[in-house]
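Below: the structure, in structure tokens.
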Amino acid sequence: MRRANPKKGLVIAVATAALMTFQAPAGAQETPAAEPAVSDEADEASVDEAVTDEVVMDEALGADVQDDAPAPEAPSGEASEDEAQPGLPGETGDEVEDIVVTGTRVRRTGFGTPGSVASVGDYGIRRFTAGSGSQADVLQNLPGVNAEGGGGEVATNFRVRGLPSGGQFEFTPLQVDGVPVFSTFGLNSSAFDFFIRNDLGIERLEFNKGGVANLFGSGGQAGVLNYISKTGTYRTQGSAQLEYAEGDRFRGDLAIQGPLSENTFFAVSGFYRYDEGPLDTGLPTEGFSIRGNIRHEFADASGYFQINGSYINDRAQFFLPVVLDGKTRERIPGNNGETVFTLNSSDIAGVTARTPEGLTSFDAGNGFRTVGGHIYAILEKDFGSGWKLGSRLKFSVLDTGSNFFNNGAGPGNGGPFTQQELLMSRGLMGMGTASFTYAETGAALGANDLVFVNQFNDRERDATDGTIEVNVSKELDLAGMKHTLTLGGFVARAEADNIQRNVLYLADFNNNPRLVNLSLTDGTTTTEVTSNGLLQAPSGYANQNREAFRRAVYLADQVQAGRLQFDVGGRVEAQTVTNRFEGTETVNGQVFGNGKFFEGEATAVGWAVALAASYLVTDDLNVYVTGSRGFFFPQAQGTGGQITTTGDIAVYEEEPILQATLGAKYKYKRLFAGYVEGFFTGLRDRNTVQFADNSTEPTVIRESTDTFGVEFDGRLQLSSYLQVTGNFIFQTHSVTEGRFEGNELVRLPNFISNVGVIGNFAGFDGGVFWNYNSSVFADRGNGVQLGDFSIVRLDAGYSLPVGDADNLRLSVNVWNLLDTQGLQEGNPRGGLEQTAEEDARFFTGRPILPRRVTVRLTYDFF
């Protein structure tokens, strides 16, 4: 098993002990350049370059990124009006300047916006994705967020404060440049981060919670995650990066931006990555992505037209929970004495089986496969006299597959069993002399070797998605107040397949398990229980297709009245879903389609209103209040009360969400910036979809929930060389109506904190980032509790100026420095109500990924 060398981690820890840092959230401005260019004279400006591009928790609300891309840099030293604002203490000036929050028709600084917005800049995204590429490693640093990346690079479990989510962005659309990566969640349960990967072409990430911005575009009542792409400027610039991590991870990145003509600019970025870790399964993660944009600025400075395109061909391995010790809940050794980190098996890659449909191949080597691309266009035009037009058009074609291994599929979740226990569990005792042999070699297993019944899920999930948004805004001065009225519409049509075949197989209990054959001999008769290690293929079958047609209209007003600002708006949306699925039957233990198809259609209408106001008490103190009534639509997948066997959709209606916040932002010169807010989140009549073992159909639970909490985010500049940042959230939550009334929400911590200290001196920079999550319940019955845990990350580097402006940085990053084994997840497919026996032999859970050391060489040229 490839894991980080503990000696390497200790050496790095000692070498950078003086440069400790933890997650960086507070209202500092992003540095437009990439990684820090630091001279030997570590002056105040160098500190800003090194530190300001960390996680920036910009105190703002209401920015859905309608005007997201930064304007091109002005030629001949002339400053662009959208040029980045200074950020951290140490620069010339006494006050903290905030980044300009983009998105709505009013461009406002974060400090002056009603509500809170979090932002992560280019350098922060680089730092937090070192050695992983996972969205979770970036998102877990945001305030009010719980993000889990124990499954690998994709399918991040993402939860926003107060919401009972299974993860995977169901309450928070994932966008690029204000365009949804995929418009509708729940057509086949694929997570939105299937479809994109981060690279050096990202300018920053903005996370908007509540406010009128969430009414625009695809909506997002719990918030909108929006990645903003770099665009070209009047000079050619870019970055190149090479990365190596333990477990044979190799990655190369390149990003270039520059001019094509006087008013036309380009940006191109991409990567290639090969990774045999962080858990060695014999099934590598491998792939590449390329994307770019061309942006034309109108000569009269009235706006721009931009077209973006991307192509991805990537295969990422995914890790479900693994069998752990029942008492300690730590990893256990396999038959060969080595610690078992994952039960993914390369033996399944390419295995074939004769099914009712003929000879069928199952290829686990593809992992979570994404092949396809997106193309989208953006138009922003100012017609004068206060009139503006904005439009976004997108089309995506995606060939995706979700191929993963369960965490056990036999009685008791698959064991592991002694060979005798397996025979008893399957009713085979007394039917003859049992022989356990390796399928590939025919060699016999050891008498004391454990065996494991597991299931491989082979899912084809092709998808297409088209969206368009058009809005018109008008600026008005009425009674001494400046109004910006915006009227717009959004239309989307998405279609997705879910063709699934499950394969039940028998293997030994080791890392990268080997397939095992079982035969029974009674006299002269031999019965083959398995065929090439397979117990049943397919053991589950689904052939489904779903469509969603969305259309929405919204109206919003953003008002400036001296020191008072307020936003008000509403949205009405109708969504029609169409489900088509094939019935199944079982013949000789095999499940397959019966050729009978059913279809159902339903339409739901939802409405939302949002209010937000802020008052600038002083130049350094801003108080704000927000309130909203929003909605979600049920996931279209599954039967459980939503679609009957005759094709009729029984339950399909909006699910209201109520939110309110009261907060204050404060900044003191260039020494401190932060906010504190109290919040309430109430979800009504939510249909939650949950899958269970050995089933291709989910269970749907209808419930209402309430959450109350407080959130803080702040940044303190201790000196020109040292900064402390942090955020935390405390929340109490419970089910208020439904089967599990009075219980806490599943996998939602009551307390989350991130703390950081970032240092920079004489060309060296470094930091340690600490993320803490309190204990959670793994099941809706609150019968299984997972303990609290911390994740510590270290990053250190040395920057060497090259020429007049370029920069070369060598850095080392250590994920999970303390090699924590805390559990991010229990058994999500173990049922709604689970129990944890104190004397149990085994426990199923997903620990944090083990320690991993990454080395990077980055060259930024300007």
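Backbone geometry of segment 126-134 corresponds, through the Karplus equation with coefficients 6.51, -1.76 and 1.60 at θ = phi - 60°, to 3J(HN,Hα) couplings of 4, 4, 7, 10, 4, x, 9, x, 7 Hz, x marking Gly and Pro.
Quick one: if the Förster radius is 56 Å, what FRET efficiency do A561 and Q420 give, using the C-beta to C-beta distance and rounding to 0.05? Write out the running numbers ahead of the final one.
On the way: r = 79 Å, r/R0 = 1.41.
Approximately 0.10, to the nearest 0.05.
With the alpha-carbon atoms of segment 184-243 aligned to their principal axes, the span from lowest to highest coordinate is 39, 29, 16 Å, starting with the largest. Annotation: for a label point projected 7 angstrom from Cα along Cα→Cβ of T352, residues of segment 490-521 with backbone N closer than 19 Å are 501-504, 515. Placing unit charges on the Cβ atoms of the charged side chains and taking the dipole of segment 441-599 about its Cα centre, the candidate lying farthest along the positive direction among V577, V472, H483 is H483.
Ordering of 624-631, 524-531, 138-145 by packing is 138-145, 624-631, 524-531, highest average first (other Cβ atoms within 10 Å, averaged per residue). Rounded if a/c is under 1.5, else prolate if a/b is larger than b/c, else oblate: which is segment 189-318, with a ≥ b ≥ c the root eigenvalues of its Cα gyration tensor? The shape class here is oblate. The H on the amide N of A602, modeled in the peptide plane, is under 5 Å from the matching H of V577, each at least 5 residues off or on a different chain.
Shown in residue order for segment 385-399 are the 3J(HN,Hα) couplings computed by the Karplus curve 6.51 cos²θ - 1.76 cosθ + 1.60 at θ = phi - 60°: 6, x, 9, 9, 10, x, 8, 9, 10, 9, 9, 10, 10, 9, 9 Hz (x for Gly and Pro). Solvent-accessible area of F549, all protein chains in place: 70 Å² (probe radius 1.4 Å, heavy atoms, ligands and nucleic acids excluded).
Which whole-number percentage describes the relative contact order of segment 516-621, with Cα contacts under 8 Å and a sequence gap of 6 or more?
Details: 197 pairs, mean separation 27.0, N = 106.
25 percent.
Once fully extended, how much extra length lies between L478 and A240, figured as 0.36 nm per residue of separation less the alpha-carbon to alpha-carbon distance? Present the calculation step by step, with values, prior to reporting the outcome.
Details: separation 238, 0.36 × 238 = 85.68 nm, distance 5.12 nm.
Full-extension gain reported as 80.6 nm.
Rounded to two decimals, what is Rg over Rh for segment 144-192 when you use alpha-carbon atoms and the Kirkwood radius?
Values: Rg = 10.8 Å, Rh = 11.4 Å.
For segment 144-192, the value is 0.95.
Note that segment 293-355 presents 39 Å² accessible area per residue, ligands and nucleic acids not counted, probe 1.4 Å.
Note down the relative contact order for segment 692-825 as a percent, whole number, built from C-alpha pairs under 8 angstrom at least six residues apart. Before the final figure, lay out each step's value.
Working: 286 pairs, mean separation 22.0, N = 134.
Taking the mean separation of contacting Cα pairs over the length of segment 692-825, I get 16 percent.
What is the magnitude of the charge dipole of segment 430-533 about its Cα centre, with +1 placed on the Cβ of each Lys and Arg, -1 on the Cβ of each Asp and Glu, and no other charges, expressed in debye to the nearest 20? Before the final figure, lay out the partial values.
Details: 7 positive and 14 negative charges, 49 e Å.
The calculation lands at about 240 debye.
Near N517, the amide H atoms lying under 5 Å from its own belong to T437, Y438, A439; only residues 5 or more places off or on other chains count, and H is placed 1.01 Å from N.
Using C-alpha pairs below 8 Å separated by at least 6 residues, the relative contact order for segment 114-178 is 20 percent. Could you work out how far the C-alpha centroid of segment 579-601 sits from that of segment 777-814, in angstrom? The distance from the Cα centre of segment 579-601 to that of segment 777-814 comes to 46 Å. Couplings 3J(HN,Hα) for segment 817-823, derived from phi with the Karplus relation 6.51 cos²θ - 1.76 cosθ + 1.60 (θ = phi - 60°), are 3, 8, 6, 5, 10, x, 9 Hz, where x marks Gly and Pro. Packing order of peptides 282-289, 837-844, highest average first: 282-289, 837-844 (average count of other Cβ atoms within 10 Å over each peptide's residues). Close amide H pairs (under 5 Å, H built 1.01 Å from N) link I332 with D325, V340, residues at least 5 positions away or on another chain. Solvent exposure of segment 770-842, expressed per residue, is 41 Å² of accessible area, with all protein chains present and a 1.4 angstrom probe. Packing order of peptides 573-579, 377-383, highest average first: 573-579, 377-383 (average count of other Cβ atoms within 10 Å over each peptide's residues).
The values are calculated or read from the model by the stated rules, or taken from the named source; none is laboratory data. Since the model is a prediction, treat every value here as computed from it, not as a measurement. Neighbour counts are summed over all protein chains in view; Cβ atoms, including those assigned to glycine, are modelled from backbone coordinates with ideal geometry. The area values use the complete protein model at the heavy-atom level, side chains included, leaving out ligands, DNA and RNA. Shrake-Rupley method; radii C 1.70, N 1.55, O 1.52, S 1.80 Å.
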